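Worksheet: the structure to be examined is printed underneath.
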Amino acid sequence: MRLARSMAVGWALHFKQESRNPFFLWIVICTPLIYATMAYFLFRGGTDGDKLVGAAVGTGMMGIWSLTTTAAAAALQWRRRSGILELLVAAPLPFWAILAPITIAISALGIYSLLASMLYTRLLYGVSLEIEDWLAFAVAVPVGILAIGLLGFMLGAAFVRFRAAWAVGNLFEFPVWTICGLLIPIAVLPAWVEPVAWVFAPTWGMNALRDAALGDGSPWDDIAMCAALSVVYGGLGVILLRVFLGSARRRGTLALS
Amino acid sequence: MTSLRIFAIGGLMSFRALFGFMSPWIYIPTLVVTPLFQILLFVFIGRSAGVESDTFYVVGNAIQYSSVPCLFAMTFTIAGERFNQTLGPVLVSPAGRLPLFLGRSLPVIVNGAFVGALSFTLGSLVLGVTVPASAVAPLALVIVLASASCTGLGLVLAGIGLRVREQAVMLNIVFGLLLIFTGANVPIEQLPEWMEAISRLLPFTHAIEAGREVVAGSGLGDVSGLLLRELAIGVVYAVLGYRFLRFMERQGRIHATLERA
């Protein structure tokens, strides 16, 4: 009970704190706007309404993913530089219960990204954003965000051990945008890419949101996959964190920035 | 002679001091692999939308990505000095400001051109884009010019960096705008008129156009007009940037904000 309370309070605290970070807000609001603008021009001025609705959702998801890779790494780097990381690791609470709320809170900021992207597409380009299945959409957003946040948590384990891991974390930004079908159908990519995309939560999150918005198929399978992946990421993250933290303690590298 | 030393040796020392943290673990993911993935993303978007060829996106994104080293490094030459608390000593020294600032920009241009050229090479290899041998030298010149021109814009941003706290935000906004406005991914003729007008005033627009023509087989003479315009834009930004840096330096002294922003 105390663990759950700590995680809930940690999540709320970090959500509020990171909501006031101009750099994070830039990522969640401006990134989707830039790519939504390009998508509009690239898809021939938006003659295909469905494609633009998909692009609006996709660019919102791009913002969520960018934030998770970039900001989760930056958040840990900042704590390390400020000398807080060691204190957090030494706290009586397990470190995974401290780190997971941070990464999930950061991903949750992505809700701004989705809203900004959809509003922008609606207001500037006049694309009607009618959601076919509001209930599924409302469920898909938090479940997708949770899955992406826990993927960030898994990556965060590496950030704790390796000082330059933030750069490697940023490396995942474009590839995931590409292979998870956020702006383009996965069918356009080489066939071997598709199984790789299944490993990443944004693929299923995007499918769920697109299906809920356009009514092309049932979004519930994709939502279930997001939930299942959340469990896998969470479990793997806890194991990796234990390994990397142990290694950082042995080498005395935790505080080195 | 002193000015020449400040320009060459001072610039190089500053670059080495400020960017010593750029180990291969950081350099390769951010400046080698990421631009390749940016190219791939837009190539696949282009294929999906059926708009332009792979070559179009390889040239556009390779050149545009050199904005990352140019803008970020140029701005960081100021921010980094401040972070390391050496900005004050640098600015109270009697060193001429022109060799001081220009010397710091030279390694940035070289690095930017390297990143642009490497991105183009890797992108071409992965996607099977072929370039005639006669186009290699002209294309290299185009990339160097683009890098120099963007570093001029970087000088302006470095001046703003003397007062603005959130430089990373500012730089990312500029990077995003360059992605849209320079024709790296959307032909500028397809943009609304007001956007096209802005494009013509930005670094990269003419260089990207020249790069595409060179790869398509045009000679240097055919693109000389575009290159001259790119150069002129770079010079204008560099002059503006230098004047702006001096202005912001004075403002920083007046308001005692040099170390605070």
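Among the trypsin sites (Lys or Arg not before Pro) within segment B:205-261, which fall in a DSSP loop and have no more than 12 other Cβ atoms within 10 Å of their own Cβ?
B:Arg260
From zero outward in steps of 10 Å, how is the percent of C-alpha pairs of segment A:2-251 spread across the bins?
In whole percents, the pair-distance histogram is 8, 32, 35, 18, 6, 1.
Can you list the residues of segment B:160-193 whose accessible area drops by at least 20 Å² going from the chain on its own to the full set of protein chains, with a 1.4 Å probe?
B:Glu166, B:Val169, B:Asn172, B:Ile173, B:Gly176, B:Leu179, B:Ile180, B:Val186, B:Gln190
Nothing charged except the Cβ atoms of Lys and Arg (+1) and of Asp and Glu (-1): what's the magnitude of the dipole of chain B about its Cα centre? Round to the nearest 20 debye.
1140
Taking 7 Å along the Cα-to-C-beta vector as the label spot, tell me the A:Arg250-B:Thr257 distance in nanometres, rounded to one decimal.
5.1
Give me Rg over Rh for segment B:2-255, both radii from the alpha carbons and Rh done the Kirkwood way, two decimal places.
Answer for segment B:2-255: 0.98.
Within chain A, which complete DSSP H helices have Cα atoms spanning at least 24 Å along the helix axis and a mean Kyte-Doolittle hydropathy of -1.0 or higher?
TM-like helix candidates: A:2-19, A:49-66, A:134-161, A:220-251.
Counting only protein heavy atoms, probe 1.4 Å: which residues of segment A:158-179 lose 10 Å² or more of accessible surface in the full assembly compared with their chain by itself?
A:Ala164, A:Trp166, A:Ala167, A:Val168, A:Asn170, A:Leu171, A:Phe174, A:Pro175, A:Trp177, A:Thr178
Considering only protein heavy atoms, what per residue accessible area in square angstrom results for segment A:2-251 with a 1.4 angstrom probe?
41
Kindly identify residues of segment B:13-27 having a loss of at least 30 Å² in accessible area between the isolated chain and the assembly of all protein chains, probe radius 1.4 Å.
B:Trp25, B:Ile26
Against the longest alpha carbon principal axis of chain B, how many degrees, from 0 to 90 and to the nearest 10, is the axis of helix B:205-215 turned?
For B:205-215 against chain B, the angle is about 40 degrees.
If you take the accessible area of A alone plus B alone and subtract the pair, what total do you get in square angstrom, rounded to 100, with a 1.4 Å probe?
Its buried surface, counting both partners, is about 2800 Å².
For segment A:2-251, give the percent of accessible area contributed by carbon and sulfur heavy atoms, probe 1.4 Å, rounded to a whole number. Before the final figure, lay out each step's value.
On the way: 6820 of 10220 Å².
Answer for segment A:2-251: carbon and sulfur cover 67 percent of the accessible area.
Provide the per residue accessible area, probe 1.4 Å, for segment B:127-199, rounded to a whole number of square angstrom.
Solvent-accessible surface per residue comes out at 37 Å².
Using the 4.7 Å Cβ rule, please list in number order the cysteines from the protein assembly as shown without any candidate partner.
If one checks each Cβ against the other cysteines of the protein assembly as shown, A:Cys30, A:Cys180, A:Cys226 turn up with nothing under 4.7 Å.
Sorted by accessible area (1.4 Å probe), largest first, how do B:Arg5, B:Arg165 line up? Kindly include the intermediate steps, with their values, before the conclusion.
Working: B:Arg5 140, B:Arg165 175 Å².
Order by accessible area, largest first: B:Arg165, B:Arg5.
Treating the Cα atoms of the protein assembly as shown as identical point scatterers in vacuum, please give the log10 of the normalised Debye intensity I(q)/I(0) at q = 0.07, 0.11, 0.13 Å⁻¹, two decimals.
Taken in order of the listed q values, log10 I(q)/I(0) reads -0.40, -1.00, -1.33.
Under a no-solvent Debye model with one identical scatterer per Cα of segment A:68-206, what's log10 I(q)/I(0) at q = 0.15, 0.18 Å⁻¹?
-0.85, -1.10
If you take the alpha carbon radius of gyration of segment A:140-239 and divide it by 2.2 N^0.38 Å, what ratio comes out, to two decimals?
Dividing the Cα Rg of segment A:140-239 by 2.2 N^0.38 Å gives 1.10.
What Kirkwood hydrodynamic radius do you get for segment B:149-240 when you take the inverse of the mean 1/r over all pairs of distinct Cα atoms, in Å?
14.0
Give me the base-10 log of I(q)/I(0) for segment A:91-165 at each q in 0.18 Å⁻¹, Debye formula, one uniform scatterer per Cα, rounded to two decimals.
For the requested q values the scattering log ratios are -0.81.
Under a 1.4 angstrom probe, counting protein chains only, how are B:Ile9, B:Ile63, A:Ile84 ranked by accessible area, largest first?
If we order B:Ile9, B:Ile63, A:Ile84 from most to least accessible, we get B:Ile9, A:Ile84, B:Ile63.
I'd like the carbon and sulfur percentage of the solvent accessible area for segment B:65-208, probe radius 1.4 Å, heavy atoms only, ligands and nucleic acids excluded. Let's see the in-between values first.
On the way: 3730 of 5190 Å².
Answer for segment B:65-208: carbon and sulfur cover 72 percent of the accessible area.
The values are calculated or read from the model by the stated rules, or taken from the named source; none is laboratory data. Keep in mind the model is a prediction, meaning the values are calculated, not measured. Every residue, glycine among them, receives a Cβ derived from its backbone with ideal geometry; neighbour counts consider all protein chains shown. Please note that ligands, DNA and RNA were not included when accessible areas were found on the heavy atoms of the full protein model with its side chains. Shrake-Rupley method; radii C 1.70, N 1.55, O 1.52, S 1.80 Å.
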